[in-house]
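The values are calculated or read from the model by the stated rules, or taken from the named source; none is laboratory data. Remember, predicted model here, so these are calculated numbers, not experimental data. Heads up, the Cβs are rebuilt from the backbone with ideal geometry, glycines too, and the neighbour counts pull from every protein chain shown.
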Amino acid sequence: MRTIGDVAQFVTSKNAGPFLLTLDIVFPDEATYRTFKSLKPLDRHVIAGLYGIPETDILKIIEFDPAYAVKVTMRRPLGSGALGETDVYGAQQHVPLMLHEIDWPEGR
Amino acid sequence: MGVRGAAGGQLSEASIHRMTVLAPEGMLGYGIPVRSMEEGLARNPDVLAVDAGSTDPGPYYLGAGVPYTSRRAVKRDLAMMLEAANARRIPVLIGSAGGGGGRPHVAWLVDVYREICRERGYRFRTATIQAEIDKAWLQAKMAAGRVTPLDISDPLTAETIDAATRIVAQMGDEPFQAALDLGAEVVIAGRACDASVIAALPIRAGFDRALAIHMGKILECGGAAAYPRHGSDSLLGVIDGESFTVEPPNPDKICSVASVAAHSLYERSDPYRLALPGGAIDLTRTTFEQITPRAVQVRGTRFAPAPYTFKLEGVRRAGFRTITVAGTRDPILISQIDAYLENVRNRVREVYGSDGYRLLFHVYGRDGVMGGLETAKEIRSHELGLVIEVVADDAETSAAILALSRSAALHSTYPGRKAIAGNLAFPFSPSDLRAGEAFEFTIHHLVEVADPLELFRVEMIDS
């Protein structure tokens, strides 16, 4: 088992407008990216579980070949800067995804 | 091959095979590196274009009508741009002036601009473009069914419009072109789609809209699309008939296919599609090619026209905020932090009731960073940080309720308590900090319009 953070070059979160969070996983090379894609480790159910939110709040999971990247876009529980909100820029919501374990093939 | 001095003039099609845009930085006031500016200008750019705003720092700045950049820093960067514009007579385009891009934000930047011109004796034909929305106009659009939610599920209501402190719309490239048509050499615009600021002159010169906007989308963050990605920096874009090329003027940085492609992900919900006023750019057939060790060429981006819509951004004032910051090192308290805070809340409720204010606890070490998205239940820290926050309708009520919350948190007892002199360590005196007005985003919608210029008044002003 490896975490996504172990195999990715970057795992980041950021606002995409005041009401969405977008999480980017960028892989260091094409081979790692292809391996990750072939394992299909992320779907709405998995990501919703990592963040404790309904699957309907996970809006998009997009594979972006030109950057060897996978993007996940979700609704924020609260808009950026709303009362009770904790992360105006949305820049520190990446950890559950980064620490998510996947069945990585040995030797890759 | 440039079109020097072309601002306001007719551009002869035959003379323009390519156009160079210099984005001196990703955000006006973040610090243009001197060397990057010099190297960038050595490439004879046809225009200096910069984005000056964002919703990213949250709702306060739009609501309060204040910039989130420092006046001194903005003046320094703008003076560098104007010095180049004065020497070379190339246009300067600024979008989302003052951060929020509302009327007071534009006025603030115009004031900085005039101060520079006065001190240095610069004279430019100058245009402002306002982006603040008239509420009556928006009520009529809403009533006519021309407003739809974006990223949120709530339809816009008359009450939400009435309660809004300020509403702006993001303009496209057309109002910038209109200002250039009037002969403007410097354009200071309110809220604008960041890519449109950079794309405006190339589109006006007849270059492909999709490529110009895609180039704008990369340049709007300045050097962010180059590696190593640290500090505010500049980026050059050169557009020709079939492609555009991006390259950092800073010789210590490079654009790689990875750095440019990865930038398509940044702060966007979908890397393949970017919606703008009047359509979207589509990256499904875009290719990125390393044409020199430091430059990347992009081609194949397409434009998909759509009905003309503008993105609206609006905030309402939620009240006045007071906060205090404290911490505990006591494992007996930490083990029952939730019950202890509920006890504090009840104590406040006994005095002030439960309506007319919000009392919020930010507990660092428990879920202070992720709030509702935190799934870890176990606290493993040896200390906890606590920010107590009160938001109420007026500043005095807010301060009074916060003061009671703070003293209740300091002195309330809990089972097994040993430290009876006080529960919290406060790092500051005074402990209670008045944070001023608190705002929330309430409007994030699209409004359909008939004319790209419908909302945005171009006005020529004195420099």
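Residues of region B:65-79 being assigned to a helix (DSSP H, G or I) and either surrounded by fewer than 21 Cβ atoms within 10 Å (Cβ to Cβ) or modelled with pLDDT under 95 (or both), which ones?
B:R71, B:R72, B:A73, B:K75, B:R76, B:A79
Residue by residue through region A:63-77, note down the ones that are crowded, with 18+ Cβ neighbours inside 10 Å and not aromatic (F, W, Y).
Passing the criteria: A:P66, A:A67, A:A69, A:V70, A:K71, A:V72, A:T73, A:M74, A:R75, A:R76, A:P77.
In region B:241-273, how many are buried (at least 20 other Cβ atoms within 10 Å of the Cβ), out of contact with any Leu (no Cβ under 7 Å at 6 or more places or on another chain) and under 17 Å from B:I203 (Cα atoms)?
So the count comes out to 1.
Based on what the data block shows, is B:T287 β-branched (V, I, T) and within 13 Å of chain A (Cβ to nearest Cβ)?
yes
Give region B:165-186 a look and list any residue that's away from chain A (no Cβ under 14 Å) and aliphatic (A, V, I, L, M), or say none.
Hits for region B:165-186 are B:A169, B:M171, B:A178, B:A179, B:L180, B:L182, B:A184, B:V186.
Can you tell me which residue among B:E454, B:E437 is away from chain A (no Cβ under 14 Å) and closer than 30 Å to B:V106 by Cα?
Unique residue meeting the criteria: B:E454.
Condition test on B:A400, is it within 13 Å of another protein chain (Cβ to nearest Cβ) and buried (at least 16 other Cβ atoms within 10 Å of the Cβ)?
Against the criterion (within 13 Å of another protein chain (Cβ to nearest Cβ) and buried (at least 16 other Cβ atoms within 10 Å of the Cβ)), B:A400 does not qualify.
Scan region B:416-445 for residues that are on the phi > 0 side of the Ramachandran plot and assigned to a strand (DSSP E or B) and jot them down.
Once the filter is applied, which keeps residues that are on the phi > 0 side of the Ramachandran plot and assigned to a strand (DSSP E or B), region B:416-445 yields only B:G436.
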